[in-house]
1. Tell me, what are the semi-axes, in whole angstrom and largest first, of the equivalent ellipsoid of segment 38-113 as set by the roots of 5 times the Cα gyration tensor eigenvalues?
2. Taking amide hydrogens as modeled 1.01 Å from N in the peptide plane, which residues meet the under 5 Å criterion relative to Asp90, leaving out close sequence neighbours?
3. I want the antiparallel fraction of DSSP beta bridges within the chain, as a percent rounded to 5.
4. For the chain, set up a Gaussian network in which alpha carbons nearer than 10 Å are linked by springs, and say which option among Asp146, Asp23, Asp56 fluctuates the most.
5. May I ask you to give the solvent-accessible area per residue for the chain, in square angstrom, as obtained with a 1.4 angstrom probe?
6. Give the ranking of Arg105, Arg129 by solvent-accessible surface, highest area first, calculated with a 1.4 Å probe.
7. Where the accessible area of segment 75-171 is counted over protein heavy atoms with a 1.4 Å probe, how much of it, in %, is carbon and sulfur?
8. State whether segment 62-174 is rounded, prolate or oblate according to the following rule on the C-alpha gyration tensor (a ≥ b ≥ c being the square roots of its eigenvalues): a/c under 1.5 gives rounded; otherwise a/b larger than b/c gives prolate, and the remaining case gives oblate.
Amino acid sequence: MKLFVLAALFVFSGSVALAGPDDFTDGPVITGYGKVTNVEAATQLDAAQTFRVAFDTSKSGEAEVNRTINSAARFLNMQARAGVAPENIDLAVVLHGKAVYDVTRAGPEAADGNPSTELIALLQAQSVRFIVCGQSAGYYDVTAQDLLPGVEMAVSAMTAHALLQQDGFTLNPF
């Protein structure tokens, strides 16, 4: 009986969002990164809706693009597809721990440089801020001169988040 009810709910629930990996695409704001799928059943957002969101990461992407940095691209693409004007979206990425290497010129342990550099530049072109924890930078011997252009250094990640919250940013837990 439970299986029948579940099947009936599935069949009669209207527009169910069914998507496989091939249904995820990039854009419209960031191309090449931040793949998302369209959710037809989702309520369209008002173009005037505003978002002020901070992302936090301590995990390095190592030889790949940092997952949290890619999530910032996903957020931009998702909201734009839902109807929000990109200029109404303010994002910040706070990096601490080994993630500080992902915003350096040399990058994390990748033979051919930092794999996150291109995406960081694309996000910065959309006014996304990148803020490094000064405490982690000090621990890992990362100086301000090691950082990619436009990357900010804070006293700490805790300080950066406190200031962002005072400025109306919410913390994205994903």
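The values are calculated or read from the model by the stated rules, or taken from the named source; none is laboratory data. Model, not experiment: these values are computed from the prediction. Ligands, DNA and RNA are stripped out before the accessible areas are found, and what is left, the full protein with its side chains, is counted by its heavy atoms. Shrake-Rupley method; radii C 1.70, N 1.55, O 1.52, S 1.80 Å.
1. Equivalent ellipsoid semi-axes, largest first: 30, 13, 10 Å.
2. For Asp90, the qualifying residues are Phe51, Arg52, Val53.
3. Bridges in the chain are about 10 percent antiparallel.
4. Asp23
5. On a per-residue basis, 59 Å².
6. Ranked list, largest accessible area first: Arg105, Arg129.
7. 53 percent
8. oblate
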